[in-house]
Amino acid sequence: MTIGASDLKRMFDAIAVAIEADRDRLCQLDGVIGDADHGIAMALGFNAVRDALASLDLAATEPTGLLNTAAKSFLNAVGASSGPLYATAFMRAAAAVRGKAELADSDVVALFQAMAQGIRDRGKAETGEKTMVDAWQPAAEAAGASNAAGKSLAESLQAALAAAERGAEATKDMIAAKGRSSRLGERSLGHMDPGAASAVTVIGAMQKSLA
């Protein structure tokens, strides 16, 4: 089974719905260690992507064009915080599948890994610093390992989601080293990082929609 532009559009639609449903919880998480707007920013970004992709001629659009459109519309809607991170993720994903009209399982895993690497590079964050990287990085590694072991895309994305969930859970035991929450020091302990929480929501929607 291959994935084309229309499948990726459906994926972004699914992410927008999932983030919208999770918006209040993400804002609550952010209220503890940030300024309570993470859910709003993520919903704004993915709703903007959904609107931008709705007007594309999917028959004439390759995955790279669709992902670049997603990057631009997310960044236009969310200029700060998570905006540049996800915009970079989508641009890296676009570069990873350039020239391909249809994506095989390994291409989708490469796209997924490129997103995680883009977030890491743009945020200059490593695992253990209580950011969305704590969910994205293990998810990308799990997807890659699963794909390399010959597992299906559905299984690889399921492995990615499980790793992201464990990673997000682990942020409760971390002291924030990056972003606004780093000002709290020890007080950030015991709380899940909102970026890691929303990463799980995004990855879950990707898994459900592409599998």
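Using only Cα atoms and rounding to the nearest 10 degrees, what angle (0 to 90) does helix 105-123 make with the longest principal axis of the chain?
40 degrees
Treating only the Cβ of Lys, Arg, Asp and Glu as charged (+1, +1, -1, -1), what charge dipole size does the chain show about its Cα centre? Round to the nearest 20 debye. If you can, show how the numbers build up before the last one.
Numbers: 21 positive and 25 negative charges, 69 e Å.
My answer is approximately 340 debye.
By how many degrees, 0 to 90 and rounded to 10, does the Cα axis of helix 63-77 deviate from the longest principal axis of the chain?
30 degrees
Relative to the longest principal axis of the C-alpha atoms of the chain, give the angle of the C-alpha long axis of helix 153-170, reported between 0 and 90° and rounded to the nearest 10°.
With rounding to tens, the tilt is 10 degrees.
Please report the relative contact order for region 125-211, taking Cα pairs under 8 Å with a sequence separation of at least 6, and give it as a percent rounded to a whole number. Show your work: numbers first, answer last.
Numbers: 145 pairs, mean separation 31.7, N = 87.
Dividing the mean separation by the residue count of region 125-211 yields 36 percent.
Would region 24-69 count as rounded, prolate or oblate if I go by the C-alpha gyration tensor, calling it rounded below 1.5 in a/c and otherwise prolate when a/b exceeds b/c, oblate otherwise? Display every interim value, and only then the final one.
Working: a/c = 5.19, a/b = 3.51, b/c = 1.48.
Prolate is the answer for region 24-69, as a/c is 1.5 or above and a/b outweighs b/c.
If you find the alpha carbon centre of region 11-29 and of region 99-138, how far apart are they in angstrom?
19 Å
Taking every pair of distinct Cα atoms and averaging 1/r, then inverting, what Kirkwood hydrodynamic radius in Å comes out for region 62-134? It would help to have the intermediate numbers written out before the result.
Details: mean 1/r = 0.0809 Å⁻¹.
By the Kirkwood definition, the hydrodynamic radius is 12.4 Å.
Which value, in Å², gives the accessible area per residue of the chain when a 1.4 Å probe is used on the protein heavy atoms? Show your work: numbers first, answer last.
Values: 8870 Å² over 211 residues.
With the other protein chains kept in place, the chain gives 42 Å² per residue.
Starting from the Cα-Cα distance between Ala148 and Ala101, subtract it from 0.36 nm times their residue separation and give me the gain in nm to one decimal.
14.7 nm
Too long at a 19 Å Cα-Cα cut-off: which of Lys9/Lys151; Lys151/Lys208; Lys130/Lys172?
Lys9/Lys151
In whole percent, how big is the carbon plus sulfur part of the accessible area of the chain, probe 1.4 Å, protein atoms only? Intermediate values should be presented prior to the final figure.
Numbers: 4560 of 8870 Å².
Reported share for carbon and sulfur atoms: 51 percent.
Could you state, as a whole-number percent, how many of the C-alpha pairs of the chain are farther apart than 22 Å? If you can, show how the numbers build up before the last one.
Working: 9586 of 22155 pairs.
Counting every Cα pair in the chain, those more than 22 Å apart make up 43 percent.
Anyone know which of Gly195, Gly45, Gly79 comes out most mobile in the 10 Å Cα GNM of the chain?
Maximum among the listed residues: Gly79.
For the pair Ala54 and Glu169, how long in nm is the line joining their label points, each one 7 Å along Cα→Cβ?
Once both label points are built, they end up 3.8 nm from each other.
I'm checking a number: the convex hull volume of the Cα atoms of region 98-211, normalised per residue, in Å³. What is it? Show your work: numbers first, answer last.
Values: hull volume 10.3 nm³, N = 114.
Given the Cα convex hull of region 98-211, per-residue volume reads 90 Å³.
Trypsin sites (Lys or Arg not before Pro), restricted to region 39-111: which are DSSP loop and have at most 15 other Cβ atoms within 10 Å?
Details: sites: Arg50, Lys72, Arg92, Arg98, Lys100; in loops: Arg98, Lys100.
Hits after loop and neighbour filter: Arg98.
Compute the Kirkwood hydrodynamic radius of region 150-211, taking the inverse of the mean of 1/r over all pairs of distinct Cα atoms, and give it in Å to one decimal.
On the way: mean 1/r = 0.0795 Å⁻¹.
Taking the inverse mean of 1/r over all distinct Cα pairs, region 150-211 comes out at 12.6 Å.
The values are calculated or read from the model by the stated rules, or taken from the named source; none is laboratory data. Because the structure is predicted, anything quoted here is derived from the model rather than measured. Positions of Cβ are generated from backbone atoms using ideal geometry, with glycine treated the same way; all protein chains shown enter the neighbour counts. Just so you know, the surface numbers come from the protein's heavy atoms only, side chains and all, with ligands and any DNA or RNA stripped out. Shrake-Rupley method; radii C 1.70, N 1.55, O 1.52, S 1.80 Å.
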